[in-house]
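Visitor: Submitted below is the structure of interest, expressed as structure tokens.
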Amino acid sequence: MASNDDPKPVLLANNFWWPFGSHLLHMKWAYIYALEQNCDFFYKYNNSLVFPNGSIEYYYENISTITERELDERVKIDYNPNGIEHNLNVRGHFVPSPYTHALDFHSCILKQLYKPTEHVKTAININPLVRHLREHDIKYIALHIRLGDKVNGPSKETNYIPLEQYFDRCKDAKQKYGLTTIVVCSDTSDGLNEIIRLNNDNGNMFEILSNAENRNQNVWSESIVQKVKDGYDNVIGLELEYLKCFINFEYLLNSRIIIGNWNSCFCLVPVEMRNNGIDIDVTPNEKKTDTKYQFSIGRRPPPKRKMSHFSFRLV
């Protein structure tokens, strides 16, 4: 039997599923599981092509609670990201002191884990739209649209939501909060173009902004995840895709309100990080299909407070 003086075991994580939002939520659940089991946590290596040097520390600062040198001295527990049964117990039940609600706890954990490296911060900070939003202190709606392989094809995760439903929620936000700028976060040209059309049909009630990037058509086979599955292995191209994710993630984090489909991990993570009780799910009554990650830790009523702007600015 181990004595009280023995070092804690370490939860050893490797090769989490690489798409941006899913990867962050995998990190969150593994980190929480380590805390619940009173383990240290080590996660550095990922052999997915999106990590050029085989390490997540190409994009993220060290998130482990022990050094790699210390691993030899510890009992190691291999963490299987596909063995998620424990999550249903952890989710909404493990709330350590001083937190009073799982939402606050999960928000704090994600903020600890989301630590971009300096070269990622540079890519974010030189982005023209990021600079424009900051320099002019623009208060805006971040609209995350879920299309492509997430609503069609073999990797479908959720039903298609008409873009009129997204736009209606934007109109609600304008009426309630006076917001007149929308930053569209979508990797499909169809999604951006449809929002522009809806805005035109409604008298150009919003200024529509978006990142200057190459976008796919709304065809599931054109998604970067599907392309990688089909053999796409351009390391430089994949790095540019991941940096594009960081930039769009920045738009979401620093918006006054996020409107989107919370079935998307990419949308859900900033919602959990902000934890403001204000961000809007365009599918509040739809059953969440991705039980590995999704938001089943319970909802609480929005706080009775004025909306404030919480900045995640990296500089």
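Visitor: When both residues are 6+ apart or on different chains and their Cβ atoms are under 9 Å apart, which pairs have a first residue that lies in segment 24-44 and is over 17 Å from K76 (Cα atoms), and a second that is among the polar types (S, T, N, Q) and surrounded by fewer than 22 Cβ atoms within 10 Å (Cβ to Cβ)?
Guide: Pairs that qualify, where the first residue is over 17 Å from K76 (Cα atoms) and the partner is among the polar types (S, T, N, Q) and surrounded by fewer than 22 Cβ atoms within 10 Å (Cβ to Cβ), are L25/Q294; W29/N87.
Visitor: Does segment 235-254 contain any residue that is over 21 Å from K115 (Cβ atoms) and assigned to a loop (DSSP other than H, G, I, E, B)?
Guide: no
Visitor: Do we find that V10 is on the phi < 0 side of the Ramachandran plot and buried (at least 18 other Cβ atoms within 10 Å of the Cβ) in this structure?
Guide: On the way: on the phi < 0 side of the Ramachandran plot: yes; buried (at least 18 other Cβ atoms within 10 Å of the Cβ): yes.
The answer is yes for V10.
Visitor: Go through the residues of segment 220-231 one by one and say whether even a single one is of a type in the set (K, R), within 16 Å of P19 (Cα to Cα) and at pLDDT below 95. Spell out the reasoning first.
Guide: Just the residues of segment 220-231 that are of a type in the set (K, R), to begin with: 227, 229.
Filter again for within 16 Å of P19 (Cα to Cα), leaving 227, 229.
Retained after the next criterion (residues that are at pLDDT below 95): 227, 229.
Yes - at least one qualifying residue is present in segment 220-231.
Visitor: Next question. Would you tally the residues in segment 23-64 being in contact with a Cys (Cβ under 9 Å, 6 or more places away or on another chain) and hydroxyl-bearing (S, T, Y)?
Guide: The qualifying residues number 1.
Visitor: While we're looking at this one, here's another question. Quick one: H136 ticks every box in (1) modelled with pLDDT of 90 or more; (2) surrounded by 15 or more Cβ atoms within 10 Å (Cβ to Cβ) except a single one, so which number is it?
Guide: (2)
Visitor: Give the residues of segment 32-56 that are buried (at least 18 other Cβ atoms within 10 Å of the Cβ), in a helix (DSSP H, G or I) and either modelled with pLDDT of 95 or more or more than 22 Å from the chain's Cα centre (by Cα) (or both), sorted by residue number.
Guide: I56
Visitor: Let me ask you something else. Does N254 satisfy being more than 18 Å from Y59 (Cα to Cα), buried (at least 21 other Cβ atoms within 10 Å of the Cβ) and not aromatic (F, W, Y)? Give the derivation first.
Guide: Values: more than 18 Å from Y59 (Cα to Cα): yes; buried (at least 21 other Cβ atoms within 10 Å of the Cβ): yes; not aromatic (F, W, Y): yes.
When the stated conditions are applied, N254 passes them.
The values are calculated or read from the model by the stated rules, or taken from the named source; none is laboratory data. None of these values were measured; they are calculated from a predicted model. Cβ coordinates were reconstructed from backbone atoms using ideal geometry, including for glycine residues, and neighbour counts include every protein chain displayed.
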